[in-house]
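To start, the structure under review is shown below, and the notes come after it.
The values are calculated or read from the model by the stated rules, or taken from the named source; none is laboratory data. Quick caveat, the model's predicted, so the values are computed rather than measured. Methodologically, a virtual Cβ is constructed for each residue, glycine included, from the backbone with ideal geometry; neighbour enumeration extends over all protein chains shown.
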Amino acid sequence: MRQNPKLWAHAKHIAFIMDGNRRYARKSSIDRQEGHLQGFNKLAETLQWCLDLGITEVTVYAFSIENFKRSKDEVDGLMHLARQKFEKLLEEKNEIMKHGVCIRVLGDLTLLPKDVQEVVADAMYISRNNTRAILNVCMAYTARHEITNAFKEVSWGVSKGLLKPSDISEEVLEKCFYTSHSPDPDLLIRTSGEVRLSDFLLWQHYSVLAFVEVLWPEYSIWHFFQGILYYQMNQKQVQLARDKRDALRLEAILESDKTEVVKMLSEENKCPEETAILPQRIAEYAAQRQKRITNFVETLDAKRTQQLLNMLPARTMSEIPTS
C-alpha cells in the first residue's frame, strides 16, 4: 500500500544526541579531531534531510558542560572546530538569510572562550528574525544547569517585583529555559547504541525517543527514515501524555488563582462561599497574573538580548544603528 507523503511532515521538531565521534575515530584509526570533524559534516548532511522532509526545527547536543572535563587538547580542538564552523556560517550569511534559517546557541555561553562567544553571538544576531527554519545548537549545556538557571531567573523576577511567588508555575519556569522559544521535540534520536539522555532536555521529555546502534558519523538517511517511521508509530501515545500534562497544569493554575482570591476576600472580611463575585474576582486575578507574567517574560527577553549584544565582536556592534 502506498503511503501518503504528507505523513512525513508530522514531525516538525527533531533533537539529536550526536554520540560516537570518538569511538568512530578509534574504529577508523584516525585522530579524535578528525572524528569530531566528520561528526560536524554528518550534521550538515542530516540538516539537509530534515529540510527536505519539511522538518523546520532541529536541536542538537553539540557540547555538554561535562565535556569541559575532557583533556585540554580535546576541548581546545572542539572549541577550534566550533569557531571554524560558525565562521563558515558567517561567510555564508547570504545563504542563511535567503533560506530564512534562525540559529540559536543554547546554554551558558559565558563558559565558552571569548572568540567562540563572539562568532556564536554574531551568528545568532544576524539570523535572529528568520522564521522559516530553526537550528538550536546546545553548547555549554546540561538540562540540570538549564533548570537551575531557570529557578534563578524566576527568583530574580520575584526580587524585582515583576512576579508574585504565587505566579510561579511549570509554565513560568519553562519561559525561563534556554529552550523557551521552542516546543518540545517530537522525536529525540541518540546514536551510538547508548540508551540514556546524558542530561539533555530532561524537562522536555514528552517526545518519542529513538536509540540507534550506529556511531554518529555512520548515521545514514535510512537510519533517519527509520526514526521518522518509529515516530509515526508512537506519536499518539506521546500526544495523549502531553494533553494530560496540559490539563493537569491548567487545573493547578486555576486552583492557585482561586486560593489567592479566597485569601484576598478573607482579608477584606468577605466570606468567599457567600459572595457571588468569586468567579469574577478569580477572572480578574487571572488577567492580572497573566499581565505580570507577560511583563516578566518581556523584561527577561530584553535582558538576554542585551547579554547577547555584549558578546558581539566590535565590528558587528559598529554596524548596529543607535537609537
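For S256, the conditions (1) in contact with a Ser or Thr (Cβ under 9 Å, 6 or more places away or on another chain); (2) closer than 20 Å to E57 by Cβ; (3) among the hydroxyl-bearing types (S, T, Y) all hold with the exception of (2). Restricting attention to region 204-229, the residues being of a type in the set (A, V, I, L, M, F, W, C), assigned to a loop (DSSP other than H, G, I, E, B) and within 23 Å of H10 (Cβ to Cβ) number 1. Evaluated against (1) surrounded by 14 or more Cβ atoms within 10 Å (Cβ to Cβ); (2) touching a Phe, Trp or Tyr at 6+ places or on another chain (Cβ under 7 Å), Y285 falls short on exactly one condition, (2).
Of the residues making up region 118-153, just one is buried (at least 17 other Cβ atoms within 10 Å of the Cβ), over 22 Å from V75 (Cα atoms) and of a type in the set (F, W, Y), namely Y125.
For region 225-248, the set of residues classified as farther than 11 Å from V208 by Cβ and within 21 Å of the chain's Cα centre (by Cα) consists of R242, D243, R245, D246, listed by residue number. Against the conditions (1) among the β-branched types (V, I, T); (2) in contact with an Asp or Glu (Cβ under 8 Å, 6 or more places away or on another chain); (3) assigned to a strand (DSSP E or B), V119 satisfies every one except (3).
For (1) aromatic (F, W, Y); (2) within 30 Å of L163 (Cβ to Cβ), each residue gets a yes or a no:
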| position | (1), (2) |
| --- | --- |
| D76 | no, no |
| L81 | no, no |
| L90 | no, no |
| T110 | no, yes |
| Q117 | no, yes |
| D122 | no, no |
| R128 | no, yes |
| N136 | no, yes |
| Y141 | yes, yes |
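Answer yes or no as to whether L90 is farther than 14 Å from T142 by Cβ and in contact with a strand residue (DSSP E or B) (Cβ under 8 Å, 6 or more places away or on another chain). Answer is no for this residue. I'd like to check something: does region 142-164 contain any residue that is more than 20 Å from E45 (Cβ to Cβ), within 15 Å of the chain's Cα centre (by Cα), modelled with pLDDT under 95 and not hydroxyl-bearing (S, T, Y)? Looking for residues that are more than 20 Å from E45 (Cβ to Cβ), within 15 Å of the chain's Cα centre (by Cα), modelled with pLDDT under 95 and not hydroxyl-bearing (S, T, Y), one finds none in region 142-164, hence no. All told, R23 meets the bar of being within 13 Å of S192 (Cβ to Cβ), at pLDDT 90 or above and surrounded by fewer than 21 Cβ atoms within 10 Å (Cβ to Cβ). Selection of region 154-177 for residues being touching a residue at least 60 places away in the same chain (Cβ under 8 Å) and either part of a loop (DSSP other than H, G, I, E, B) or surrounded by 19 or more Cβ atoms within 10 Å (Cβ to Cβ) (or both) yields G157, K160, L162, L163, K164, D167, S169, V172, K175, C176. Answer with yes or no whether A314 is farther than 30 Å from R128 by Cβ and of a type in the set (G, A, S). Answer is no for this residue.
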